[in-house]
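Read through the structure below, which is laid out as structure tokens, and then see the notes.
Please treat every number below as a calculation from the coordinates, not as lab data. Treat the numbers as computed from the prediction; the structure is a model and nothing was measured. Because the Cβ atoms are built from the backbone with ideal geometry, glycine has one as well, and the counts that use them run over all protein chains shown.
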Amino acid sequence: MKVLVIRFSSIGDILLTTPVLRCLKRQLNAEVHFLTKGGNVELIYNNANVDKVVVLQDSMRQTVSALKKESYDAVVDLHNNHRSRYVRRRLRVKSYVYRKENVSKWLTIMTKHSFMSGLHVVDRYLKAVAPLGVKDDGGGLEINLPEELKSEALKLKNISGKNVSDLTGVPYVVIACGAQHATKRIPLEKIMVVSSLIRAKVVLLGDKTDKTRIRNWEGSFGGNVVNLCGKTTLLESAALINGASAVVTPDSAMMHFAAALHRPVIAVWGATIPDFGFSAFRTWHVDCEVNNLWCRPCSRMGSGRCPLGHLNCMHNQNWQSIAEAASKMAENNGSQN
């Protein structure tokens, strides 16, 4: 059986498809192809459950023309947008489609009472392929690090002019500084506060945007903080998360990296809520929320600014408790006991 799986973006959502890829390969012995954007290829590269990664072209016609040559037996659409529907129509083979809960999310946002199914998005992905005879294998997310980023090899890796072993060398906590939308990001002043309270080395990870945001604050961080925002590749960030005792993260791709690498997650929720189905999947985690806010949740995926201008969903978090949980993790080197 030859199956095309479609998920164009984003980083976290690509990782959330990996249980489906594994189950298709192992349970059906399928030849699995994965259609995604070019920037996501490295997330699936070296995944033993994917036989071929197909990159989405600028022209949808070009993309479909190439796909038609493969003669697929089935299409598994885990994106379900106008482009994935176009691919399905053109290929004219049996399709299995992930059903979004956008109406339920909208009702939840409008009423502040959950109308969600209670299923994690991974469970909903797996539900889409259940008619193929695929069953949940109980496993988690997956990401395959290249050999040069694993364990001892990582310690010799040069990042920002220093070996990783010099940057870390002791149990450390990762704080993920970024998220795609501002109302999901941990405010910089709170990153400074929580890092000062953590009794361990702290590694800050983020992209070039976070590097720019944090530049004016860098001198305010304590000596326990190593700022690597904008200085690592995506997979180098994953490798550093893999070595962490704990990961403090907003609702972002870094949370799903931590889940895929089975690291303890302290998830800090702002505009969005775990009920939407995107919490850390099958790894130890604690969800930190300000539950007495009448304005949460305020959007499906976060937004560019707090609609009310205060971002109390982040500012009013119990940062002392978050730091204490992270400190204990570092003291126990990642153990929850």
As a test, work out the antiparallel percent of DSSP beta bridges whose residues both lie in the stretch 147-331, rounded to the nearest 5.
10 percent
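Take every Cα pair under 8 Å in the stretch 147-331 that's 6+ residues apart, average their separations, divide by the length, and report that relative contact order as a whole percent.
Dividing the mean separation by the residue count of the stretch 147-331 yields 25 percent.
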Whole-Hz ³J(HN,Hα) for each residue in the stretch 83-97, computed from phi via Karplus 6.51 cos²θ - 1.76 cosθ + 1.60 with θ = phi - 60°, x for glycine and proline: what do you get?
6, 5, 5, 4, 4, 4, 4, 6, 7, 6, 10, 4, 10, 10, 10
Taking Cys177, Cys298 and counting other C-beta atoms within 10 Å, the order from fewest to most
Cys298, Cys177
Using θ = phi - 60° and the Karplus form 6.51 cos²θ - 1.76 cosθ + 1.60, what ³J(HN,Hα) does each residue of the stretch 234-246 get, whole Hz, x for Gly and Pro?
4, 6, 5, 4, 4, 5, 5, 4, 4, x, 7, 6, 7
In debye, nearest 20, what is the charge dipole magnitude of the chain about its Cα centre with +1 on Lys and Arg Cβ and -1 on Asp and Glu Cβ, if you could check?
1200 debye
Let me know the charge dipole size of the stretch 2-132 about its Cα centre in debye, to the nearest 20, where only the beta-carbon of Lys, Arg (+1) and Asp, Glu (-1) is charged.
440 debye
For an R0 of 22 angstrom, estimate the FRET efficiency from the Cβ-Cβ distance between Tyr45 and Ser9 and round to the nearest 0.05.
0.85
A chain fully extended from Asn158 to Lys37 at 0.36 nm per residue, minus the present Cα-Cα distance, gains in nm 40.7 nm
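Nearest 0.05, what FRET efficiency do Asn216 and Arg61 give at R0 = 51 Å with Cβ-Cβ as r?
0.65
From the helices alone, meaning DSSP H stretches of at least four residues, give me the mean residue ellipticity at 222 nm for the chain, per-run term -39500 (n - 2.57), in deg cm²/dmol to the nearest 500.
-9500 deg cm²/dmol
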